[in-house]
């Protein structure tokens with residue numbers, strides 16, 4: 001590996017000595033370590049520059065350098081001479097175009113005689129010029145390559161972000177992983193991959209199912225994002241991806257503090273892992289940083305509800321509604337929280353308010369209809385529940401929960417054929433839910449269908465032995 005050194009003059013050298021009496025046996029060479037400042041040292045180097053500038057064109061031509069390279073190097077030498085005139089020079093590669101200008105290698109040590117010394121001096125000039133020309137070309141290419149590589153890396157991260165914003169999660173996943181191979185210490189890259197993994201498991205739909213499956217209190221139905229949600233992935237696979245998402249946020253946090261949005265996704269990963277205390281903690285933290293995030297308050301309310309902390313859930317949903325008036329999901333969940341405290345009148349008012357807010361919308365949320373219908377059944381008012389639940393079925397015909405509750409209402413009003421139709425539809429949509437088979441069996445028996453009733457009782461018993469969830473999940 002070449003070692004670059006800078007020429008220095010002997011101590012006490014004067015102008016005459018510098019111009020006419022160069023004694024190479026007195027010269028010293030020191031490795032570049034930092035700024036070079038002041039004294040006769042600078043004038044000696046400046047004189048050396050001027051001599052090289054005079055012979056530079058011919059030397060570069062002899063060594064095959066292009067005219068542009070010669071002109072560029074001459075310009076750099078001129079710039080350096082001007083810099084030296086100001087008596088300061090920073091020799092950092094990064095601050096001198098990444099090329100080692102004015103470094104020579106000690107090629108004439110231990111040469112004897114005036115002729116030898118002259119030849120050595122000429123050889124030094126030739127070698128130095130050649131070295132400068134070749135280094136300029138090579139390092140210019142190296143600098144350009146490094147700059148191009150850095151730009152390509154940034155483009156790759158930008159592409160990943162763009163794909164993520166377009167909901168092209170698989171493509172975004174590949175792009176950011178490729179970026180992280182070369183930039184493993186990029187907090188932005190790790191945080192982005194954490195968000196992508198969360199979204200890749202259809203996280204929003206999964207969140208609703210997870211909130212529902214763990215819901216406590218008198219009402220266990222959950223709010224959906226729309227009337228025709230996509231099927232949710234297997235919970236176990238979703239939880240593994242949630243763990244991978246958390247690992248990326250942990251990796252990124254080693255290099256940079258996460259943002260409020262990052263913490264929100266971290267909290268929702270914990271929801272998928274059924275770790276509501278940690279979800280609660282990180283949602284509370286992100287809301288300290290972003291108190292006007294209405295979604296943050298909504299999810300904090302859902303988390304509090306699942307922890308049976310209904311009063312705190314009410315407070316969170318009310319803050320969400322203050323920031324986002326007429327938020328149907330928040331108003332519906334506010335009703336659930338009131339119901340959790342046994343405040344049925346306030347719950348009913350909240351459900352009806354949510355229904356009113358979406359009366360003119362083409363795409364309605366079935367949640368308020370389902371929850372109001374369920375409350376009316378619990379209050380032994382099945383006849384009032386039927387018209388509400390019929391609207392829910394119209395909005396979400398493939399939601400097994402709507403058919404289950406409507407079948408239950410018809411059973412209470414002793415309209416068994418109608419109850420049979422609704423419960424059979426519910427089983428068609430969710431065949432592994434034991435509670436549905438347990439509800440359908442007595443409906444068959446009431447109509448004298450003994451064999452069908454027995455088959456449903458047997459199916460109910462078999463599923464109850466392998467499943468612990470008594471309610472039908474709303475997707």
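Read-outs: derived from the displayed coordinates by stated rules, not from any lab. Since this is a predicted model, take the numbers as computed values, not measurements. Glycine gets a Cβ as well: all are built from the backbone with ideal geometry, and neighbour counts include every protein chain shown.
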Test of understanding: ordering 394, 404, 248 by Cβ neighbours within 10 Å, fewest first, what list do you get?
394, 248, 404
Using only the alpha-carbon atoms, what does region 384-475 span along each of its principal axes? Please give whole angstrom values in decreasing order.
33, 30, 17
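What does the extension gain come out to for residue 412 and residue 165, with contour length at 0.36 nm per residue minus their alpha carbon separation? It would help to have the intermediate numbers written out before the result.
Values: separation 247, 0.36 × 247 = 88.92 nm, distance 4.86 nm.
Additional length available on full extension: 84.1 nm.
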Modelled FRET efficiency - R0 22 Å, residue 250 with residue 308, Cβ distances, 0.05 increments:
0.15
Across all directions of projection, what mean area in square nanometres is found for the Cα convex hull of region 341-388?
3.4
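Within a 10 angstrom radius of the beta carbon, how do 191, 164 rank from fewest other beta carbons to most?
Fewest-to-most Cβ neighbours within 10 Å comes out as 164, 191.
Per the Kirkwood treatment, what hydrodynamic radius in Å, one decimal, follows for region 230-382 from the mean inverse distance over all distinct Cα pairs?
16.7
Fewest Cβ neighbours within 10 Å first, please rank 337, 158 accordingly. If you can, show how the numbers build up before the last one.
On the way: 337 28, 158 12.
Lowest count first: 158, 337.
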